[in-house]
Amino acid sequence: MGWVKNKFEFLLPDIMRRVPFVPTPHQIVRRMLDLADVSRGEVVLDLGAGDGRILVDAVRRFDASAVGVEDNPKRILLATRNIERSGVSDKVKLLNQNLLEASLRNADVVTLYLLPEMNRALVPKMIRELKPSARVVAHDFPLPGIKPTKREKINHNGVFHYVYLYNFDKQSRLPVKRF
């Protein structure tokens, strides 16, 4: 599948190939997973897993299975270390791959804290691959063209963050605008 990345990479702005690592504050992580109403045994997929904190919280608090997708090898090492220290390695899988190449088909919940350009690039893939019962929770940057089921404003140490919940049932898939 490497040819897919090479074939289409020229379409992506340079910034999308180097998504900065900005950890989601733990308070926001908790709210994201609560808002998604994660259930025991569900698969939580974190696109841009960074240090693995969302994966750890999903396993510890909800007894979910977790999959993290991260294209930066240094962040994979950081996430691996944090997951091992947390004692949840048996329920977490890390994939070192481009976010646009990751399969979304098995995900019950998708979490992301990505730049708007990457969210825009992921929307068609989400529409094609997510099962109707899937939920997506975006931190700070909404999914363009899709109406959120819920939006919350959260004050974290004097800084306001937004969390957007999307339910990918048939109704949510209809109002997609052209970009």
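Here, each number is a calculation from the coordinates, and none is a lab measurement. Here the structure is a predicted model, which is why all the values come from computation and not from measurement. As a convention, Cβ positions derive from the backbone with ideal geometry for all residues, glycine included, and neighbour counts pool all protein chains shown.
Roughly what would the spin-label model give for Ser89 and Asp34, points 7 Å off Cα along C-beta, in nm?
Label-label distance for Ser89 and Asp34, simple model: 3.2 nm.
Would you mind classifying the stretch 36-104 by shape? Square roots of the alpha carbon gyration tensor eigenvalues, ordered a ≥ b ≥ c; an a/c under 1.5 is rounded, otherwise it is prolate if a/b is larger than b/c and oblate if not.
Because a/c hits 1.5 or more and a/b fails to exceed b/c, the stretch 36-104 counts as oblate.
May I ask for the distance between the Cα centers of the stretch 125-160 and the stretch 38-87, given as a whole number of Å?
Their Cα centres are 18 Å away from one another.
What does the charge dipole of the stretch 64-118 about its Cα centre add up to, to the nearest 20 debye, if the Cβ of each Lys and Arg holds +1 and the Cβ of each Asp and Glu holds -1?
With only Lys, Arg, Asp and Glu charged at Cβ, the dipole is about 220 debye.
Would you mind checking Lys125/Lys150; Lys91/Lys147; Lys91/Lys153; Lys93/Lys153; Lys74/Lys150; Lys74/Lys147 for any pair whose Cα atoms are more than 29 angstrom apart?
Lys91/Lys147; Lys91/Lys153; Lys93/Lys153; Lys74/Lys150; Lys74/Lys147
Measure off 7 Å from each Cα along the Cα-to-Cβ vector at Lys153 and Arg60, then give the distance between these two points in nanometres to one decimal.
3.0
Dipole of the stretch 19-119, Cα-centred, from +1 at each Lys and Arg C-beta and -1 at each Asp and Glu C-beta, to the nearest 20 debye?
320
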